[in-house]
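*Asks:* If you scroll down you'll find the structure; I have some questions about it.
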């Protein structure tokens with residue numbers, strides 16, 4: 001009889017616990033939705049940030065659907081129609097090989113965004129890992145890692161990217177690695193500062209008292225609470241990376257022809273800068289518009305994610 005009573009009571013005893021857990025999950029989900037809605041409302045109040053977000057979305061969509069949007073093959077040459085002025089057939093004209101400039105600008109955005117995203121991922125993973133380990137454990141390990149970062153930061157970022165790119169050679173992946181190495185110290189120092197400000201909080205101490213390992217605490221308790229500043233910094237950093245990619249390509253160390261890239265287009269057309277303005281004007285405007293939009297969006301996102309600006 002006693003065994004039967006225990007068997008029948010145990011599921012009933014678990015039901016209140018399950019109900020409480022489901023209620024807590026619903027409350028957490030509702031809270032997250034409320035926070036996201038509040039962030040979105042604050043972002044929409046900033047009209048300039050909306051303009052920047054639209055420009056960034058146009059860049060992303062153009063990169064994804066470049067084949068459908070571009071009117072011509074970006075590498076198709078027509079020497080009989082070289083250096084043609086903008087017209088109904090070629091909205092931005094043609095370059096010195098008769099290639100459609102509009103198509104090359106569209107595909108150039110795909111290359112620039114791809115290389116920038118690869119560089120961001122590499123530098124974020126490497127720099128973030130160094131910063132988390134350094135900020136959480138501190139001590140001798142922190143001193144060694146930060147001194148290494150200081151040595152790298154002592155070299156100007158573009159000069160370091162030039163050296164790495166010259167050693168590895170041109171190409172999409174090599175250019176991404178070059179700009180990523182230059183960006184690792186910035187992510188490492190930012191992540192270290194965020195971790196050091198979080199590791200003393202009550203929920204981190206509670207997880208440590210419960211016996212959770214350092215790796216589990218870093219992944220589950222610390223890293224999720226650093227995402228807002230990282231997202232803002234990444235948004236602003238994409239523009240800087242695109243500018244660095246264009247600069248490397250301009251001096252012959254980044255993505256090179258026949259691939260379409262804004263910096264290489266400027267480099268190839270600089271000899272025609274006085275005689276044929278479209279060949280350098282439109283790639284330059286594409287770079288300027290991209291940086292302008294990303295900076296506006298990054299500033300607005302920073303203000304929206306700042307808890308001090310909720311009121």
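The values are calculated or read from the model by the stated rules, or taken from the named source; none is laboratory data. From a predicted model like this one, the values you see are computed outputs, not experimental measurements. Ideal geometry is used to build each Cβ from the backbone, glycine not excepted, and the neighbour counts take in all protein chains shown.
*Asks:* State yes or no: is residue 256 closer than 19 Å to residue 110 by Cβ and not in a helix (DSSP H, G or I)?
*Replies:* Values: closer than 19 Å to residue 110 by Cβ: yes; not in a helix (DSSP H, G or I): yes.
Here the answer is yes, as residue 256 does meet what is asked.
*Asks:* Any idea which of 143, 131 is free of Cβ contacts under 8 Å to residues at least 12 places away in the same chain and in a helix (DSSP H, G or I)? Spell out how you get there, then give the answer.
*Replies:* Values: 131 fails: free of Cβ contacts under 8 Å to residues at least 12 places away in the same chain.
Checking each option against the conditions leaves just 143.
*Asks:* Can you name the residue in segment 75-104 that is in contact (Cβ under 8 Å) with a residue 24 or more places away in the chain and not in a loop (DSSP other than H, G, I, E, B) and, of all such residues, is surrounded by the fewest Cβ atoms within 10 Å (Cβ to Cβ)?
*Replies:* Step one: filter segment 75-104 for residues in contact (Cβ under 8 Å) with a residue 24 or more places away in the chain, giving 75-76, 83, 85-86, 92-93, 95-96, 99-104.
Next cut, not in a loop (DSSP other than H, G, I, E, B) only: 100-104.
Values: 100: 24, 101: 27, 102: 20, 103: 23, 104: 30.
Once the filter is applied, the top-ranked residue is 102.
*Asks:* So, one more: Which of the residues spanning segment 95-110 are touching a helix residue (DSSP H, G or I) at 6+ places or on another chain (Cβ under 7 Å) and under 25 Å from residue 64 (Cβ atoms)?
*Replies:* Step one: of segment 95-110, the residues touching a helix residue (DSSP H, G or I) at 6+ places or on another chain (Cβ under 7 Å) are 95-98, 101, 104-110.
Listed by number, the residues that qualify are 95, 101, 104, 105, 106, 107, 108, 109, 110.
*Asks:* Looking only at segment 232-253, which residues are part of a helix (DSSP H, G or I) and under 17 Å from residue 174 (Cβ atoms)? It would help to see each step written out before you state the result.
*Replies:* Of segment 232-253, the ones part of a helix (DSSP H, G or I) are 232-250.
Listed by number, the residues that qualify are 241, 242, 244, 245, 246, 247, 248, 249, 250.
*Asks:* Give 136, 107, 72 a once-over and let me know the one that is surrounded by 15 or more Cβ atoms within 10 Å (Cβ to Cβ), more than 17 Å from the chain's Cα centre (by Cα) and over 30 Å from residue 298 (Cα atoms). Step through it out loud before you land on a result.
*Replies:* Details: 136 fails: over 30 Å from residue 298 (Cα atoms); 107 fails: over 30 Å from residue 298 (Cα atoms).
Answer to the check: 72.
*Asks:* Only helices (runs of 4 or more DSSP H) wholly contained in segment 167-231 count here; list those with 1 or more residues that are in contact (Cβ under 8 Å) with a residue 40 or more places away in the chain. Outline the logic, then answer.
*Replies:* Values: elements: 172-198, 202-209, 214-217.
Qualifying helices (runs of 4 or more DSSP H): 172-198, 214-217.
*Asks:* Hey, residue 225 hits all of (1) within 20 Å of the chain's Cα centre (by Cα); (2) within 30 Å of residue 57 (Cα to Cα); (3) surrounded by 20 or more Cβ atoms within 10 Å (Cβ to Cβ) but one; which does it fall short on?
*Replies:* (3)
*Asks:* On to the next question. In this structure, is residue 255 more than 15 Å from the chain's Cα centre (by Cα) and crowded, with 23+ Cβ neighbours inside 10 Å?
*Replies:* Details: more than 15 Å from the chain's Cα centre (by Cα): yes; crowded, with 23+ Cβ neighbours inside 10 Å: yes.
It is true that residue 255 is more than 15 Å from the chain's Cα centre (by Cα) and crowded, with 23+ Cβ neighbours inside 10 Å.
*Asks:* Confirm whether residue 267 is touching a residue at least 60 places away in the same chain (Cβ under 8 Å) and either under 21 Å from residue 185 (Cβ atoms) or in contact with a helix residue (DSSP H, G or I) (Cβ under 9 Å, 6 or more places away or on another chain) (or both).
*Replies:* No: the conditions fail for residue 267.
*Asks:* Tell me which of these residue 63 doesn't satisfy, since it passes every other one: (1) surrounded by fewer than 16 Cβ atoms within 10 Å (Cβ to Cβ); (2) in a helix (DSSP H, G or I); (3) modelled with pLDDT under 90.
*Replies:* Condition (1) is where residue 63 drops out.
*Asks:* Only one residue in 58, 51 is at pLDDT 80 or above, in a helix (DSSP H, G or I) and surrounded by 15 or more Cβ atoms within 10 Å (Cβ to Cβ). Which one? I'd like the intermediate steps shown before the answer.
*Replies:* Values: 58 fails: surrounded by 15 or more Cβ atoms within 10 Å (Cβ to Cβ).
One residue alone meets the criteria, 51.
*Asks:* For residue 203, which of the numbered conditions (1) exposed (fewer than 15 other Cβ atoms within 10 Å of the Cβ); (2) under 19 Å from residue 126 (Cα atoms); (3) in contact with a helix residue (DSSP H, G or I) (Cβ under 7 Å, 6 or more places away or on another chain) fails to hold?
*Replies:* The failed condition is (2).
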